[in-house]
Amino acid sequence: MTTLLAALTAFVAFTPQALTLEEGQRRVEQIIAASGAEVAVVYKPLPVQEGVPVADGFRINPEMVFHAASTMKVPVMIEAFRQAEAGGRQLDDPIPVVNRFTSIVDGSPYQMSVSDDSDGLVYQAIGKTMTLRELVTASITVSSNLATNILIEVLGAENVRRTVEALGGHGMKVLRGVEDQKAFDQGLNNETTAKGLMVLLEKIATGQAVSRAASRTMSDILRMQQFNDAIPAGLPPHVPVGHKTGNITRIHHDAGIVYAEKPYVLVVLTRGIADQDVSAKVIADISRVVYSIPR
C-alpha cells in the first residue's frame with residue numbers, strides 16, 4: 001500500500017498549475033496505470049450560460065460496466081422528484097419506515113442491518129414515518145441503505161429504470177434494493193457506467209432532470225454530501241461540489257457536479273483496490289488534475 005500511495009503521489013506532485021486538455025487526460029491515464037485498478041473517468045464541462053460554447057472534456061472507459069454501489073441512489077432520487085412533480089405523491093408525504101423487503105429472486109423476505117449501514121437515524125424511525133424528502137436526503141447525504149430500500153419499494157425499481165432511459169442515462173441499471181444477498185449471489189446487481197452517471201448529473205446541473213426547480217433541489221441535496229474524501233479532496237476548499245459516492249468491497253466511486261467558476265461534471269469509477277484510503281486518493285488525485293485544466 002505504501003508503494004502504491006508513493007507512486008500515485010509522485011504523479012500528482014508533478015502536476016503543473018495549468019494543464020492542456022491533452023496533458024490532463026495523459027496525467028489521469030498515468031494515475032490510473034499506477035493504481036493497477038480498472039478505472040473509468042468522464043470529465044464533462046458544463047455551459048456557464050446559454051449560447052456560450054462549452055470546452056471539450058474527455059472520456060476514459062466511459063462504457064465500462066461497474067457494480068453501481070451507492071451511486072444508484074442518484075436515479076432513485078430523480079424518480080422521487082419525478083413522481084412528486086407528476087402529482088402521484090408529495091415530497092412531504094409521510095412514508096412508513098419499515099425494515100422488511102423482498103428479494104427479486106424469489107420474493108423471500110430480508111432485513112437490513114444497522115451495523116452494515118452508514119446511518120442509524122432512519123433505523124430509529126422504524127415503526128414511525130418519515131417524509132419522502134427526508135428519505136431521499138438520507139439516501140444521498142449519508143447514503144442510508146434503509147432509506148434507499150424504502151424508496152425503491154415505494155417508487156418501484158421499474159419506474160426508476162424507465163426514467164433513467166428517458167433521460168438518456170443508458171448504462172445505469174437499477175434492478176433492486178441494497179443487500180439483496182440472493183440476487184447478489186446470482187449476479188443480479190445494480191450496474192452503471194461512467195457515461196450513464198455523467199448524463200444523469202448533467203441533467204441535474206442543467207435543470208433538465210424533471211424540472212428546473214426539482215433539479216435545483218436535487219443539486220442542493222447532493223451538495224450536502226457527508227463523505228468527502230474523494231472528488232472534493234482534490235479541490236480547493238472553497239469550491240462547492242454536489243456528489244454521490246459508492247463503496248463496496250474493492251469498488252469505490254464518486255460522481256459529482258463541481259461548481260467551479262466554470263462548472264463541470266466528473267465521474268470516477270474504480271474496481272480492484274482493496275484499501276479504500278488508496279482508492280479515495282486515486283479519485284482525489286484525478287479530481288485535482290481535472291481541476292487544473294482551463295475550461
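The values are calculated or read from the model by the stated rules, or taken from the named source; none is laboratory data. Predicted, not measured: the structure shown is a model, and the values here were computed from it. Backbone-built Cβ (ideal geometry, glycine too); neighbour counts: all protein chains shown.
Tabulated data
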quantity: Checking ASP56 against (1) out of contact with any strand residue (DSSP E or B) (no Cβ under 7 Å at 6 or more places or on another chain); (2) under 30 Å from LYS281 (Cβ atoms); (3) of a type in the set (D, E, K, R); (4) modelled with pLDDT of 95 or more, the condition it does not meet; calculated: (4)
quantity: Matching residues, the range 200-243, being polar (S, T, N, Q) and in a helix (DSSP H, G or I); calculated: SER215, THR217, SER219
quantity: Members of the range 121-149 found to be hydrophobic (A, V, I, L, M, F, W, C) and not in a helix (DSSP H, G or I), listed by number; calculated: ALA125, ILE126, MET130, VAL142
quantity: Of residues in the range 122-157 being closer than 16 Å to ASP220 by Cα and of a type in the set (Ser, Thr, Tyr), the one surrounded by the fewest Cβ atoms within 10 Å (Cβ to Cβ); calculated: THR141
quantity: Matching option when the condition is surrounded by 20 or more Cβ atoms within 10 Å (Cβ to Cβ), over 23 Å from PRO96 (Cβ atoms) and touching a residue at least 24 places away in the same chain (Cβ under 8 Å), among VAL164, VAL178; calculated: VAL164
quantity: So GLN186, is it among the polar types (S, T, N, Q) and more than 17 Å from the chain's Cα centre (by Cα); calculated: yes
quantity: Whichever residue in the range 76-97 is surrounded by 16 or more Cβ atoms within 10 Å (Cβ to Cβ) and assigned to a loop (DSSP other than H, G, I, E, B) and, among such residues, is nearest to the chain's Cα centre (by Cα); calculated: LEU91
quantity: Condition met for ASP220 (surrounded by fewer than 24 Cβ atoms within 10 Å (Cβ to Cβ), among the acidic types (Asp, Glu) and in contact with a helix residue (DSSP H, G or I) (Cβ under 8 Å, 6 or more places away or on another chain)); calculated: no
quantity: First in the range 82-95 and in contact (Cβ under 8 Å) with a residue 40 or more places away in the chain, second anywhere and aliphatic (A, V, I, L, M) and outside any helix (DSSP H, G or I), Cβ under 7 Å, 6 or more apart; calculated: ARG82/VAL210; ALA84/LEU91; GLU85/VAL210; ILE95/MET130
